[in-house]
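The values are calculated or read from the model by the stated rules, or taken from the named source; none is laboratory data. Not measured: the values here are computed from a predicted model. We place every Cβ from the backbone using ideal geometry, glycine too, and count neighbours over all the protein chains shown. Quick note on the areas: whole protein, heavy atoms, side chains included, nothing else; ligands and nucleic acids left out. Shrake-Rupley method; radii C 1.70, N 1.55, O 1.52, S 1.80 Å.
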Amino acid sequence: MRKGSLTGVTALKKKLFIKTYGCQMNVYDSDRMADVLAPLGYEPTDQPDGADMVILNTCHIREKASEKVYSELGRIRHLQNEKAADGGRMVVAVAGCVAQAEGAEIMMRAPHVDMVFGPQTYHQLPEMVTRAVRGAGGVVNTDFPVESKFDLLPEESAKPQGPAAFLSVQEGCDKFCTFCVVPYTRGSEYSRPVGQVLNEARRLVSHGVREITLLGQNVNAFHGEAADGSVWGLGRLIRELAEIDGLARIRYTTSHPRDMDDDLIDAHGTVPQLMPFLHLPVQSGSDRILAAMNRKHTGDDYRRLIDRLRARQPDLALSSDFITGFPGETDQDFADTLRLINDIGFAQAYSFKYSARPGTPAASLEGRQVDEKVKDERLQAVQQLLNAQQVAFNQTMIGRTLSVLFDRVGKLDGQLLGRSAYMQSVYVQAPARLMGQMVEVHITGAYANSLSGHVVTAETVTQPARPAVEAHA
Ligand code: SAM
Ligand code: SF4
């Protein structure tokens, strides 16, 4: 019998609804939960009404995360009651980082919940489901088990949905940025063995996947053990993945500036499958704030790093994360952040108002919390600047021909939607047979969050697919 599978169990078909909050790692985890539950007869459904099991796969990164989960649980309780009135049973579970942080508290506040389990335990779902369905009380599992869930997940899981897939290679974090809950909810850093990652990648490609995004809370800290006992960094892993026939695109997220080593930087210039787009959170442009955040790099360290990356790959488009109103942030600190944004020039970025996360060091910086109104104003200012850079970057695409991987159907009749190498959404009128294909698209429209254009036939391609980008700072 395969590790982690339940072959031999004849199960009746049951409906499984998973609602995923937060990051791509949660999306990946939700898919793996569905894989683990498939041998028990659970089939995914996109509606919670009438489902036999509902899992909320939660995120705890920002404020009100738990409150959102409790209000969703209130809505689910009505559906659970309706199902019971029809003589059925809806198992309700809370998974992910809120489950890890709140544990049994969830069952106290929402007694209709049957299972609460953290991100490291979902390989134990079959046992937990059995206990929850047969047992008297609910199941709470927020352990950090000694065995890795990755070793115990079904090796051959459900088919990927579409031509772009996530592949989790690393989890957890030992960096302890003072604002962040991840080291507490996801545990310490762990890298999957190289062989496991390569096998999963080959399987995805054999099912038609053309683009793989390697995931990790600190993905560039990857240090996976190979069969010969050597330890591979992310750069080496990417080079090996690039050898897989049919894998056209590789991406990775999320990275920490301190873990960008020479080999990974070099891969950006030498591995054509590695897309010219990098999400590299900096959080702030002020050295004082970066130190208080425990980021262990300065604004200039970040600038130099970007210079090195651009020297290897001049076509590189950058993305980042910013926090406004970290405790003690002054107008000057904030001005330093705006200066850094202007110096670098981002193709896109995410920005958040600082929110105190219980249990993190920054949350207890008494008397240093920034006024909500100031945080809001700074957030607006930062977003205005970042949006302007994003629009300017998108406009540099007009007149270019870009490779687009079509992975979704658009809202309009005959419309397909795909991603450019730089992660932009591209809308095109195109025949349905092109779904899942990489197609050359001539860009004619550029908007705040997307591009539009038309499919170019081979005869009319006049520009290379990836010309160098003009400076977009
Ligand atoms: N590991 C990544 C890194 O080192 O930057 C990011 C992890 S976190 C899931 C994603 C983003 O959420 C962070 O980059 C940060 O900008 C934001 N974030 C995390 N904690 C936050 C907090 N307490 N308040 C506001 N934003 C926060
Ligand atoms: Fe959180 Fe990222 Fe810092 Fe780790 S490196 S503590 S995940 S922000």
message = Just to be sure I understand the filter: pairs with C-beta atoms under 9 Å, separated by 6 or more residues or on different chains, first member in the range 341-363 and within 11 Å of LEU318 (Cβ to Cβ), second member charged (D, E, K, R). Which pairs pass?
response = ILE344/ARG303; ALA349/ASP321
remark   = The helices (runs of 4 or more DSSP H) lying entirely within the range 63-138 that contain at least 3 residues which are of a type outside the set (S, T, N, Q), over 22 Å from TYR28 (Cβ atoms) and over 20 Å from the mean Cα position of the chain (by Cα) are 65-85, 105-109, 125-134
inquiry  = Contact list please: Cβ distance under 6 Å, first residue in the range 432-449 and under 15 Å from ARG249 (Cβ atoms), second residue among the β-branched types (Val, Ile, Thr) and not in a strand (DSSP E or B), pairs at least six apart or on different chains.
reply    = GLU440/VAL456; GLU440/VAL461
request  = List every residue pair whose Cβ atoms sit under 8 Å apart, with the two residues 6 or more apart in sequence or on different chains, where the first one lies in the range 271-285 and is assigned by the TED database to the domain that holds THR178 and open to solvent by less than 10 Å² (accessible area, probe 1.4 Å) and the second, anywhere, is within 13 Å of ligand 1 (Cβ to nearest atom) and among the β-branched types (Val, Ile, Thr).
outcome  = PRO281/THR254; SER284/ILE323; SER284/THR337; GLY285/THR337
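Conditions (1) modelled with pLDDT under 95; (2) touching a Phe, Trp or Tyr at 6+ places or on another chain (Cβ under 9 Å); (3) within 10 Å of ligand 1 (Cβ to nearest atom); (4) not assigned by the TED database to the domain that holds LEU365, marked per residue:
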position: SER188; (1), (2), (3), (4): yes, yes, no, no
position: ALA201; (1), (2), (3), (4): no, no, no, no
position: VAL205; (1), (2), (3), (4): no, no, no, no
position: LEU214; (1), (2), (3), (4): no, yes, no, no
inquiry  = Quick check on the range 46-62. Is at least one of its residues of a type outside the set (Gly, Ala, Ser), closer than 29 Å to CYS173 by Cα and over 20 Å from the mean Cα position of the chain (by Cα)?
reply    = yes
task = With respect to LEU16, determine if the residue is in contact (Cβ under 8 Å) with a residue 24 or more places away in the chain, in contact with a helix residue (DSSP H, G or I) (Cβ under 8 Å, 6 or more places away or on another chain) and not in a loop (DSSP other than H, G, I, E, B).
result = yes
query = Can we say ALA292 is within 23 Å of VAL182 (Cβ to Cβ), more than 22 Å from the chain's Cα centre (by Cα) and either outside the structural domain of GLY208 (by the TED database) or open to solvent by 40 Å² or more (accessible area, probe 1.4 Å) (or both)?
reply = yes
request  = Out of VAL404, VAL391, VAL382, VAL426, report the one residue that is free of Cβ contacts under 8 Å to residues at least 60 places away in the same chain, assigned by the TED database to the domain that holds LEU338 and either aliphatic (A, V, I, L, M) or under 28 Å from VAL209 (Cα atoms) (or both).
outcome  = VAL391
ask   = For the subset of the range 448-460 comprising residues that are modelled with pLDDT of 95 or more and open to solvent by 10 Å² or more (accessible area, probe 1.4 Å), which member is nearest to ASN394 (Cα to Cα)?
value = SER450
message = The conditions are (1) surrounded by fewer than 21 Cβ atoms within 10 Å (Cβ to Cβ); (2) hydrophobic (A, V, I, L, M, F, W, C); (3) more than 16 Å from ligand 1 (Cβ to nearest atom), and PHE176 fails exactly one of them. Which is it?
response = (3)
query = Mind checking whether some residue in the range 182-204 is of a type in the set (Val, Ile, Thr) and surrounded by fewer than 19 Cβ atoms within 10 Å (Cβ to Cβ)?
reply = no
inquiry  = Against the conditions (1) within 22 Å of the chain's Cα centre (by Cα); (2) more than 18 Å from THR178 (Cβ to Cβ); (3) surrounded by fewer than 17 Cβ atoms within 10 Å (Cβ to Cβ), where does PHE222 fall short? Just the number, please.
reply    = (3)
